[in-house]
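**Q** The following block contains the structure, expressed as structure tokens.
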Amino acid sequence: MTRIGQSSPPLPPPRLASGLAAWLVRHRLPLFIVGLILVAGSVERARHLRFSRSIDAMFDRSDPALVPYARMTRTFGGSEVVLCAYDDPDLFSPAGIERLAALTSRLGALPGVAATTSLATTPLGPQIVELEASPTARRIVALMEGYVVGADHRTAAVACTLEPPAATLVTARQQAVSRAETIDQLREIMAELPAGTVAGEPAMLRDGFAMLEWDGTVLAWASVALTGGVLLFFFRSIRWVVVPMGVVLTALWTTRGVLAIAGAQLTMVSTMLSAMITVVAIATVTHVIVEYRRQRDHGCEPAAALEAALALLLWPICGAIATDVVGFGSLMASQVGPVHDFGVMTSLGAGLVLVALSLVLPFLALAGRFDADPRRAWGETALEAGLDRLVRRIVRHPGPILASVILVVAAALAGLSRLEVETDFTRNFRPDSPTVASYEMVESRLGGAGVWDVLVPVAGSVDGQTLARVRAFEDRLRSEVTVTDDATGTRPALTKVMSVADVIAAVSPVPLEQLEASTFGNWAVAQAIAVMKQQLPSLAGALVGEDPADGRTWLRVMLRARERQPAAVKRAIIAEVRRITAETFPGGGTAGSGTDTAGGATAGLSGATTGGEVTGFFVLLAQLVDRMLADQWLTFGIAAAGIFLLLSVAFRSPLLGAVALVPNGLPIFLVLGLLGWAGVKINMGTAMIAAVSLGLSVDSSIHYITRFRRHLAESGVANALETAHRTAGRAMIFSTLALAVGFLALTTSGFMPTVSFGWLSCLTLLGGLAGNLIVLPVLLALLAPWLTRP
């Protein structure tokens, strides 16, 4: 029996694994040629891979929340509006309104801008500034406050309605432009003005996807380079940096090529695809390097050493990649579009790592004689001594060590109940970014950056009773939807409520009360709407529209709320608006049926199957992050169950399947619990970390348990743990540290979900390393009598 401190000789691998390893080594040159051809073809196809830049892509296609949003997009052009705002202390002067008129014309002439609305486009023209003398001017300015003019009467804005992105935008010079080019041109003009800025959903999405494309190229390569640098430090061998990098790049380009062939599109979280493929590939190849070096230390020739290493590691590698596929694949259960797509892509990428390993590694490892062997890292002798001391303590005191770990994790678990979601989409950007600065101006000086809507169905034409119900609905929204805080007490939660009734009241020569009472008949209402469309065409088109899908007329009540509010407050505001909407415009009735459940007349309103609908960017994003938090635990449960079943079958022991999960699940709960205690909110990056981390960190457990079981029956618990620590433990230390450094590249991103994913991945990988070096051997030592293999 080998004593602690002595290296155990390698055991013979299974026959099937030996035959397959010999075949890979023997045919390494033709396999490498196949790999080169595959990569070349994939690189060419990957050029056609595109980002999906629509908010629709963030949801499951069957999500009912998309139905009203799609209707609004068809009927009114959705939220394809950007606000170009600036500061002018002399706005309400002839010179100020003249400057605004010139700016409005200049912005409206840009390619890609369909229409513009500002104080300068009202029917009063320059007379809009004569508030003292003109009641009409006062009404129109009051209507526009919180939309294109601030309550301070010095913040001016031009609302630019953009052409649909699917349309071919051609200028007078016959030059096609993209949405990004249009927004960039708007920003160039606004940069010339005091505090000039551009805000709105299209601008924010443009910035977000620009950052993601940067992350997907520069940060992905930076992550690979950092990881390679750490491996060079550990193994002090150029060849054994080239080998894992070759596997990474082959798997990455092949994955991108397959996605392009399948017609898939990258989404908001797809920039982390490169990082995930790098993790799987580096972890896998590092175990091969450590075992290859071990075989060489026992006197094997290079080809024989690689063959033996591949044979010994064949099952652990296949099992580890299978658990990666299960962990990543669990994300496909999510209803959040980017998360679902990320699950598909990473599962594919993990599987292709095994293909890349087979095609590339044998040739690169054995080609030529230069730098053939990986060297020992500086300080590796001290590392071995430390691992040996750790094993001794674990064997002597497994119970107290396990009890201490349980106490720490239990304290952290209490923080899970304190986790909150981040519903402020501007917090997906760094605080000093231009995007956040733009939204802060809109939030503070134009009433709020949270834009959303209520859609009201109309049967036939808009009549006086319809206007009366819409105005009564607005009054309820203004008075009943409130929030309470310590600083201001109770205040209205909606900073702006505007509908066709408000516009008609501002521009119609006939008082709205008379129109509502049908004093002049329905023809007067039609005339008032015609005047509105003539004098304020852009605003009218945004408030009254016809759905081309079924020809129905819809009214739009435009709402604004403050974007930067806690998630619970946002949910309460949305719920209150939905309650009032359902009471005022219920579905299930019949047009002209007389009364509704709220006691009002239904003349002119249709509720045959659809009542009023609450939708918009503000609502969708609040729902999106809520679903991500719920999906996090759903996907984690699926991943845990799938990995447990897989390992129970593979190890032929449900007990070992459970043992493998414990040291990898505990760090996840520990990190998420600490997030709750620290008050860090969940965003799109953190919501995926549980399932992904479980799939990744359990790889090390598979290698460790396999080593432990191979030596348990022959050398006893202590020596089996020591061998596992010296082989699988050493490899997991090297790979985890390399990957943790590589993930640090993601923390430099300007897109905060990528940053969160980067540093949380570092923490969970390091936590998984600690779990596999401490908790896993403790469990194996305690359960050894039930784990001895005949």
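The values are calculated or read from the model by the stated rules, or taken from the named source; none is laboratory data. Note that the coordinates shown come from a computational prediction; the quantities given were computed from them, not determined experimentally. Please note: Cβ atoms are built from the backbone with ideal geometry, for glycine as well, and neighbour counts cover all protein chains shown. When the accessible area is computed, the model is the full protein with side chains, heavy atoms only, and any ligands, DNA or RNA have been set aside. Shrake-Rupley method; radii C 1.70, N 1.55, O 1.52, S 1.80 Å.
**Q** Using a Förster distance of 30 angstrom, determine the FRET efficiency expected from the C-beta separation of Glu130 and Arg106, and round it to 0.05.
**A** Numbers: r = 25 Å, r/R0 = 0.82.
For R0 = 30 Å, the calculated efficiency reads 0.75.
**Q** Just want to confirm a number: the relative contact order over the chain, from Cα pairs under 8 angstrom separated by 6+ residues, in percent.
**A** Values: 1367 pairs, mean separation 151.3, N = 790.
Relative CO of the chain lands at 19 percent.
**Q** Moving to a separate point now. Go through the range 336-433 and name the GluC sites (Glu not before Pro) that are in a DSSP coil and have 16 or fewer other Cβ atoms within 10 Å of their Cβ. Walk me through the intermediate numbers first.
**A** Details: sites: Glu380, Glu384, Glu420, Glu422; in loops: Glu420, Glu422.
The qualifying sites are Glu420.
**Q** Please work out the Kirkwood hydrodynamic radius for the range 681-790, using every pair of different C-alpha atoms, and report it in angstroms with one decimal place. The partial results should precede the final answer.
**A** Numbers: mean 1/r = 0.0665 Å⁻¹.
Averaging 1/r across every pair of different Cα atoms and inverting gives 15.0 Å.
**Q** Okay, next question. Given the convex hull over the Cα atoms of the range 177-261, what projected area results after averaging over all orientations, in nm²?
**A** On the way: hull surface 35.8 nm².
Computing the convex hull of the Cα atoms and averaging its projections yields 8.9 nm².
**Q** Need the list of aspartates and glutamates near Lys533 for cross-linking: C-alpha distance under 17 angstrom, and skip anything on the same chain fewer than eight residues off.
**A** Asp463, Asp502, Glu546
**Q** Val241: accessible area at probe 1.4 Å, nearest 10 Å²?
**A** In the full protein context, Val241 sits at about 20 Å².
**Q** Additional query: How big is Rg to Rh over the range 402-485, alpha-carbon atoms, Rh as the Kirkwood inverse-mean-distance radius? Please list the in-between numbers first.
**A** Numbers: Rg = 22.9 Å, Rh = 18.3 Å.
Result for the range 402-485 is an Rg/Rh of 1.25.
**Q** Here's something else I'd like to know. Assuming R0 = 30 Å, what is the FRET efficiency of Leu674 and Leu16, from their Cβ-Cβ distance, to the nearest 0.05?
**A** Numbers: r = 44 Å, r/R0 = 1.48.
About 0.10, to the nearest 0.05.
**Q** While we're here: What percent antiparallel are the DSSP beta bridges of the chain, to the nearest 5?
**A** The answer is about 95 percent antiparallel.
**Q** On average, how much accessible surface per residue is there in the chain, in Å², for a 1.4 Å probe, leaving out ligands, DNA and RNA?
**A** Numbers: 30260 Å² over 790 residues.
Heavy-atom SASA per residue in the chain reads 38 Å².
**Q** Could you tell me, in Å, what Rg and Dmax come out for the Cα atoms of the range 607-680?
**A** 19.5, 60
**Q** Among Gly19, Gly665, Val500, whose Cα lies farthest out toward the positive end of the dipole of the chain, if unit charges sit on the beta carbon of Lys, Arg (+1) and Asp, Glu (-1)?
**A** Toward the positive end, the furthest listed residue is Gly19.
**Q** Rounded to the nearest angstrom and ordered from largest down, what semi-axes does the equivalent ellipsoid of the chain get from its C-alpha gyration tensor (root of 5λ)?
**A** Details: eigenvalues 769, 148, 99 Å².
One finds semi-axes of 62, 27, 22 Å for the chain.
**Q** While we're here: Give me the number: length gained by fully extending Thr217 to Met332, i.e. 0.36 nm times residue separation minus the C-alpha to C-alpha distance, one decimal in nm. Could the numbers behind the result be given before it?
**A** Details: separation 115, 0.36 × 115 = 41.40 nm, distance 2.48 nm.
Stretched fully, the Thr217-Met332 segment lengthens by 38.9 nm.
**Q** Give me the distance between the Cα centres of the range 147-164 and the range 436-498, rounded to whole Å.
**A** Distance between centres, Cα-based: 17 Å.
**Q** Protein chains only, probe 1.4 Å: how do Lys681, Lys496, Lys570, Lys533 rank by accessible area, largest first? Don't skip to the answer; put the middle values down first.
**A** Numbers: Lys681 65, Lys496 30, Lys570 5, Lys533 105 Å².
The residues order as Lys533, Lys681, Lys496, Lys570, largest area first.
**Q** What size of dipole, in debye to the nearest 20, comes out for the chain about its Cα centre when the only charges are +1 on Lys and Arg C-beta atoms and -1 on Asp and Glu C-beta atoms?
**A** Once rounded to the nearest 20, the dipole reads 3280 debye.
**Q** Which one of Pro202, Ser105, Leu387 has its Cα pushed farthest toward the positive end of the charge dipole of the chain, where Lys and Arg give +1 and Asp and Glu give -1 at the Cβ?
**A** Leu387
**Q** Lys570: which lysines have alpha carbons under 16 Å from its alpha carbon, excluding same-chain residues fewer than 8 sequence positions away?
**A** Those lysines meeting the cut-off are Lys496, Lys681.
**Q** Tell me what the chain gives for mean residue ellipticity at 222 nm when only DSSP H runs of n ≥ 4 count, each as -39,500 (n - 2.57), the sum divided by the residue total, rounded to 500 deg cm²/dmol. Display every interim value, and only then the final one.
**A** Numbers: 27 runs with 470 residues, N = 790.
The helix-only estimate for the chain comes to -20000 deg cm²/dmol at 222 nm.
**Q** Ignoring any ligand, DNA or RNA, what whole percent of the accessible area of the chain comes from carbon and sulfur when the probe is 1.4 angstrom? Can you show the working numbers first?
**A** Numbers: 18750 of 30260 Å².
Within the chain, the accessible surface is 62 percent carbon and sulfur.
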